[in-house]
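The block underneath contains the structure these notes are about, expressed in structure tokens.
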Amino acid sequence: MGSKFGIGSLSIVMISLLLSLAPKLEAELTTVEQAPKSDGSISFLVIGDWGRRGFYNQSQVALQMGRIGEKMDINFVVSTGDNIYDNGMKSIDDPAFQLSFTNIYTSPSLQKPWYIVLGNHDYRGDVEAQLSPFLRSMDSRWICMRSFIVDAEIAELFFVDTTPFVDAYFLNPQGQTYDWRGVSPRESYLQTILTDLDMGLRESRAKWKIVVGHHAIKSASIHGNTKELESLLLPILEANNVHLYVNGHDHCLQQISTSQSPIQFITSGGGSKAWRGYYNWKTPEDMKFFYDGQGFMSVKITRTEMGIVFYDVSGNILHKWDTSKMLYTDLEFPL
Ligand SMILES: [Zn+2]
């Protein structure tokens, strides 16, 4: 009994010492503060898979984003990645940046912060160039990081760098070269993302939690579900009451929600090239909306409601969905 007590005391001392030496366990993801509107609400647009120098209807989609952005008085724009086709940026001087971004999204309403994640096509070029603050000095809208948080008070958006999760890019790159600087060693890179995301979501006191990545957890289009995200990312989202998971990668617009999960799985990847002509989904009751063509999405969030709307290349409304939250959820976090 005595020795047990002694060992226990020693263990406690050692654990205390180790804890004092260990790095502080708090969310490591960079957080960007985004002011909401004066009534506390926010609205924003979501676009993905777009950087094609205006071709494949990129310019037409951009024009309609400007129109809807003005109508909604948006706070910011979210990009779900594949920002520059076909192979990302060659360097920070690559004219693709102006030709595919600055010169395309010219509407006054789109002169807001753009929160941007990387896609697999971005990883085929100089990744460091897209992440460089030099781009921000050329166009102050550009806020591109690997994984980060946007804190808009009423809602928090968690951006996740999903490309390094996909085994095939490492095991079977099919002749493509990926810029894995900053990712190796892969295992610890992925583990850090998952730990930081889990901690960030757990610490969040925002009424609405949205996670943004490039690859779909669930999709009926050509790329389908991303099994690595289903096994590694989805459990964290489900454990932390995430409302929306938003991605690009498949060049379509879609909303899936299953009876197994309260999360809405949203694809907004219609920023330019589309019309793959592929659809494979076995549970029609879960498919709330699917559109194979170009377009984008808007999101409006208040204290009690969140609404999303999908638009086509002409700005026509294709699909709407909204949900409400009872005010009594304030009691979840009493003062
Ligand atoms: Zn992609």
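The values are calculated or read from the model by the stated rules, or taken from the named source; none is laboratory data. Everything quoted here is computed from the prediction, not taken from an experiment. Cβ placement follows ideal geometry from the backbone for every residue including glycine, while neighbour counts extend to all protein chains displayed.
Here are the numbers for this structure:
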| quantity | calculated |
| --- | --- |
| Residue 117 in contact with a Cys (Cβ under 8 Å, 6 or more places away or on another chain), crowded, with 17+ Cβ neighbours inside 10 Å and closer than 30 Å to residue 306 by Cα | yes |
| Neighbours by Cβ (under 9 Å, 6+ apart or cross-chain): first from region 92-108, of a type in the set (Asp, Glu); second crowded, with 17+ Cβ neighbours inside 10 Å and in a helix (DSSP H, G or I) | 93/129; 94/129 |
| Residue in region 224-236 that is farther than 21 Å from residue 83 by Cβ, without any contact (Cβ under 8 Å) to a residue 40 or more places away in the chain, of a type outside the set (Gly, Ala, Ser) and touching a strand residue (DSSP E or B) at 6+ places or on another chain (Cβ under 7 Å) present | no |
| Test result for residue 249, out of contact with any Leu (no Cβ under 9 Å at 6 or more places or on another chain) and surrounded by fewer than 23 Cβ atoms within 10 Å (Cβ to Cβ) | no |
| Hey, residue 127 over 26 Å from residue 35 (Cα atoms), more than 13 Å from the ligand (Cβ to nearest atom), at pLDDT 95 or above and within 18 Å of the chain's Cα centre (by Cα) or not | yes |
| Residue match in region 271-292 (condition: among the polar types (S, T, N, Q), under 19 Å from the mean Cα position of the chain (by Cα) and closer than 23 Å to residue 208 by Cα) | no |
| Residue in region 64-86 that is of a type outside the set (Asp, Glu), within 16 Å of the ligand (Cβ to nearest atom), crowded, with 21+ Cβ neighbours inside 10 Å and farther than 19 Å from residue 135 by Cα present | no |
| Selected residue [surrounded by 23 or more Cβ atoms within 10 Å (Cβ to Cβ), more than 27 Å from residue 100 (Cα to Cα) and more than 16 Å from the ligand (Cβ to nearest atom)] from 263, 256, 210 | 256 |
